[in-house]
Amino acid sequence: MCYIYHRVLRDAIVCSEAVFPFHSGVLTLPLLLPFDDASLTLGASLLREGKLVAFPTETVYGLGADATNDRAVASIYAAKGRPSFNPLIVHAADKKDFDPFVVWNDTACALARALWPGPITLILKRKEGCPLSLLVSAGLDTVAIRIPNHPVALALLRKTGRPIAAPSANASGFLSPTTAAHVAASLGDKVDLILDGGACPVGLESTVINLATSTPVILRPGGLPLEKIEAVLGTPVPVFHAEAPLSPPSPGMLASHYAPHIPVRLNAEQPEKGEAFLAFGPQHPCSGPVLNLSPSGDVVEAAANLFAMLHRLDRPEHIGIAVSPIPNEGLGLAINDRLRRAAAAR
Ligand code: TXA
Ligand code: MG
């Protein structure tokens with residue numbers, strides 16, 4: 001096969017057929033294939049063999065492994081360089097697929113019925129005899145579950161016939177990937193196959209809600225707005241704030257978790273000299289590198305652009321990224337949560 005190199009992307013050469021990362025000058029090959037019947041069959045059989053397959057969901061790309069296979073789940077942590085105390089979300093295509101794993105309650109059933117498939121992750125008590133690897137719970141007595149709303153993810157889950165543990169498909173602590181090229185640049189040959197299903201439409205990770213406690217609590221604002229959850233439950237739902245917790249209930253809530261390589265400065269009206277600017281809403285023109293999350297001031301459009309634009313501005317030639325204020329409404333809550341963590345001291 002003949003590959004045409006057309007773009008250099010951080011440590012990877014992206015070509016029209018695949019992405020080849022370089023490590024110390026050695027060419028290694030992660031397989032990046034467009035989604036079709038053949039790549040779906042390959043992805044499902046790799047997952048059943050305990051291999052790692054990255055795939056698109058409506059939120060971000062996930063780094064998938066068979067959630068019942070300890071070695072496969074451990075290889076997720078290894079590939080991401082993830083602290084082993086951070087638990088993983090288990091994905092399936094149908095609600096009943098989760099029955100052997102979790103203890104359902106009325107609140108969880110109502111949310112699942114109304115909002116799945118979709119960008120909401122439910123944390124429930126682990127059922128006795130649950131066949132999932134203990135590693136997915138990272139020592140907790142709970143499991144996080146979700147049905148993603150994406151045709152590639154759903155086809156892969158059905159074809160594999162196993163629950164799939166999948167964190168975002170990026171090296172731990174870095175930006176979540178919203179394209180196959182982001183995955184290749186972040187994880188390179190640490191993943192056995194990347195299924196390319198285009199850009200993720202939501203662009204923000206799922207909203208995580210803890211339903212294993214007496215009162216539901218949002219642990220991570222995300223792609224499903226809080227208002228929609230409150231509408232289903234008919235009651236306000238508190239949001240856990242990551243700013244200064246003594247012991248975060250969700251280890252993924254660590255303050256500095258979604259960090260670009262360069263500093264991030266929030267609520268900036270305009271960039272300082274040397275800074276790139278991530279704007280929001282109608283802006284006065286300013287010099288230097290500027291991307292606008294949503295010129296019309298739409299938080300849904302901004303959410304879809306957030307990680308991709310942070311990736312594009314995260315360049316060593318900039319001293320940092322200045323970010324416009326984003327309204328704290330709808331998906332703006334989740335955007336601001338990610339931005340606060342991107343800006344947190346490391
Ligand atoms: O949209 C998403 O949620 C994506 C796609 C691939 O589904 N996945 C994702 O996974 O963002 P990850 O691992 O990057 O984030 C999962 C979050 C973390 O904050 C983790 O700490 C939390 O969910 N979590 C998972 N299991 C948990 C549990 N049992 N208790 C508390 N928090 C949990
Ligand atoms: Mg993540």
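We did not get these values from a lab; they are worked out from the coordinates using the rules stated. Keep in mind the model is a prediction, meaning the values are calculated, not measured. Don't worry about glycine lacking a Cβ; one is built from the backbone with ideal geometry, like all the others, and counts go over all protein chains shown.
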* To do: Of the listed pairs LYS159/LYS190; LYS228/LYS273; LYS80/LYS159; LYS51/LYS228, which have alpha-carbon separations greater than 31 Å here?
  => LYS228/LYS273; LYS51/LYS228
* Structure fact -> Spelling it out for VAL217: with amide H atoms placed in the peptide plane at 1.01 Å from N, the residues 5 or more places away or on another chain with amide H under 5 Å from its amide H are ASN210
* Rough spin-label spacing in nm, given labels placed 7 Å along Cα→Cβ, for LYS95 and ARG312 -> 3.9
* Under a straight-distance cross-link criterion of Cα-Cα below 14 Å, which aspartates and glutamates are reachable from LYS127, leaving out those fewer than 8 residues away in the same chain? -> ASP97, ASP99, ASP141
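Pairs of Cα atoms under 8 Å, at least six residues apart: use those to get the relative contact order of the stretch 2-233, whole percent.
Numbers: 537 pairs, mean separation 67.1, N = 232.
Computed over the stretch 2-233, the figure is 29 percent.
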* **Cβ crowding within 10 Å averaged over residues, with 327-335, 102-110 ranked highest first** => 327-335, 102-110
* Asked: Relative contact order of the stretch 264-343: what whole-number percent is it, with Cα pairs under 8 angstrom and at least 6 residues apart?
  -> 41
* Could you tell me the distance between the Cα centroids of the stretch 178-212 and the stretch 93-141, to the nearest Å? => 21
* Structure fact -> Here, GLN270 and LEU233, labelled 7 Å along Cα→Cβ, have an inter-label distance in nm of 4.4
* Structure fact -> Burial-style ranking of 175-183, 160-168, 36-44, 233-241, average other-beta-carbon count within 10 Å with highest first, yields 175-183, 160-168, 36-44, 233-241
* Structure fact -> Protection proxy (average C-beta count within 10 Å per residue), highest first, orders 312-322, 187-197 as 187-197, 312-322
